[in-house]
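Please read the structure below before turning to the comments.
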């Protein structure tokens, strides 16, 4: 992995956007230091978690907080029966690539059983999910599976849907992709598979579930990624919500499409083969 680099301060408008998107919670938040990184922990209401889902929040690498994900994470935890680990990873531009990835790797290595862990994330968190899978494969420490929701998989911004769905996707845009890339990369090569996983070797990935909205600007890169894995005979499942935009399960969890997406994630996790000491049973 590339070494850490010096970043630059966030401008006032980005600081204000972060404050608006941070979320809030009146009750004490269950948290822990995992691998030197502050994380929120969400247990299934019924107790007896059967493993971990390391869920990486979105926000274009420059926004977002796990606090805003608590309600969404509780739904996933309750349906999947797994503990959700939500990290506070460092944001750009103060912390450009690969700072966030360094922290995510540290958390993954410090989990009780990385080989049984499911890695998940949305938007930029989906990109970090894919990058972690690549590094884990190179190290011979693959996770059990991965889930990506509306993932950012191509910071070169080549997909036709970036323009085709521009008026349909109310949350994200081509301009947002390019702004995210500028702040996160700060001169790093946008075609590096660790920032544009669409370029990665498909055999680096564990069993995958990719969820995308039919109306979102990132649709084409998600479809291209799934096609690439399928051609390589990798285990990959695709869930499309035809009329939905970016990260709809988070933004509209009570909608029929949001409910179906969260159920699809839970079903995917529960269908995984159990592991014993990191070895498939």
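Below are the figures for this structure:
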{"quantity": "Ranked by how many other beta carbons lie within 10 Å on average, peptides 211-218, 249-256, 181-188 from highest", "calculated": "211-218, 181-188, 249-256"}
{"quantity": "Mean-position separation - Cα centroids, segment 1-66 and segment 129-147, in angstrom", "calculated": "20"}
{"quantity": "Longest to shortest principal axis, alpha-carbon extents of segment 121-236, angstrom", "calculated": "41, 31, 21"}
{"quantity": "Orientation-averaged projected area, Cα convex hull of segment 70-181 (nm²)", "calculated": "8.1"}
{"quantity": "Within the chain, percent of DSSP bridges classed antiparallel, to nearest 5", "calculated": "30"}
{"quantity": "Potential extension, residue 43-residue 20 segment - 0.36 nm per residue separation minus Cα distance", "calculated": "5.7 nm"}
{"quantity": "More than 20 Å apart - percent of Cα-Cα pairs taken over segment 1-77", "calculated": "46"}
{"quantity": "Least to most buried among 117, 50 (fewest other Cβ within 10 Å first)", "calculated": "50, 117"}
{"quantity": "Per-residue Cβ neighbour rank within 10 angstrom, fewest leading, 133, 25", "calculated": "25, 133"}
{"quantity": "5 Å binning of all Cα-Cα separations within the chain, expressed as whole percents from 0 upward", "calculated": "1, 6, 13, 19, 21, 19, 13, 6, 2, 0, 0"}
{"quantity": "Gaussian network model of the chain, Cα within-10 Å springs - most flexible of 11, 201, 220", "calculated": "11"}
{"quantity": "Per-selection Kirkwood Rh - segment 150-189 (Cα, Å, 1 d.p.)", "calculated": "10.7"}
{"quantity": "Quotient of C-alpha Rg and 2.2 N^0.38 Å, computed over segment 1-45", "calculated": "1.65"}
{"quantity": "For segment 7-139, convex hull of alpha carbons as volume per residue, Å³", "calculated": "104"}
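Each reported figure results from applying straightforward, stated rules to the coordinates on display, with no laboratory input. These figures come from a predicted structure and were not determined experimentally. Counting neighbours? That spans all protein chains shown, and the Cβs are built from the backbone with ideal geometry, glycine included.
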